[in-house]
Every structure is written in C-alpha cells, then in structure tokens.
Amino acid sequence: MNFLTNLLVAKPLSIFGIACIFFVGYLIVRNFSHQHSAKYLGLTAILWLLYALWEFLVQLKSPNANIRIDLLIIWPVIFILTLISMLLLFFKSEK
C-alpha cells in the first residue's frame, strides 16, 4: 500500500502516465480485436485522467492536505474498474 501511496498521492503526472497507458491500450485493442473490451479500456483511461486532474486540483488548492478522505472513494472505484477492464481484455467472451 505504501508503494501505491508514493506512486499516486500528490503526483498527477504519474497518474496521467497511467491514463496514457490505458489510452494507448484502448487504441490498440480497438483497432485490432476485442471491440467490447475496448470501451472498458477507454472508460478506464478517462477515469484515470479525471483522477489525474483531481490530484492536480488538490495540489493546486491545498498542497498540504494531510488527510485525504476522497481517496477512500476514488481508489476503490478506479481500481475495481481497472481490474474489470483488464479481466475483460484477457478473458473475452465469444458470442
């Protein structure tokens, strides 16, 4: 957990990098195969981008914020969606 805290809290550029990785993954998947999985990767990229913008605003408005209650909501949502999008990418359903 300490690794995630050091990587994500108060580091909007790191979060933006993660959003870019998911966006590139979205473009690759959309162009080559699983159309259904691509929209979840795109949604995940958008959520990571929104989280990067949020962290930027938090750093801009209150750089000394010690207690971050907002992360109790943001992190579970974004990590669950990330996990779901990765699982859908690797375990696609055949119709």
Legend entry - Any hit, segment 18-36, residues being modelled with pLDDT under 85, surrounded by 16 or more Cβ atoms within 10 Å (Cβ to Cβ) and either among the aliphatic types (A, V, I, L, M) or out of contact with any Cys (no Cβ under 7 Å at 6 or more places or on another chain) (or both): yes
Inset, instruction - Say whether the condition of being of a type in the set (G, A, S), touching a Ser or Thr at 6+ places or on another chain (Cβ under 9 Å) and in contact (Cβ under 8 Å) with a residue 40 or more places away in the chain is met by at least one residue in segment 12-22. - result: no
Inset, instruction - Confirm whether L81 is at pLDDT 90 or above, more than 12 Å from the chain's Cα centre (by Cα) and surrounded by fewer than 17 Cβ atoms within 10 Å (Cβ to Cβ). - result: no
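The values are calculated or read from the model by the stated rules, or taken from the named source; none is laboratory data. Owing to the predicted nature of the structure, the values given are computational and were not obtained by experimental measurement. Every residue, glycine among them, receives a Cβ derived from its backbone with ideal geometry; neighbour counts consider all protein chains shown.
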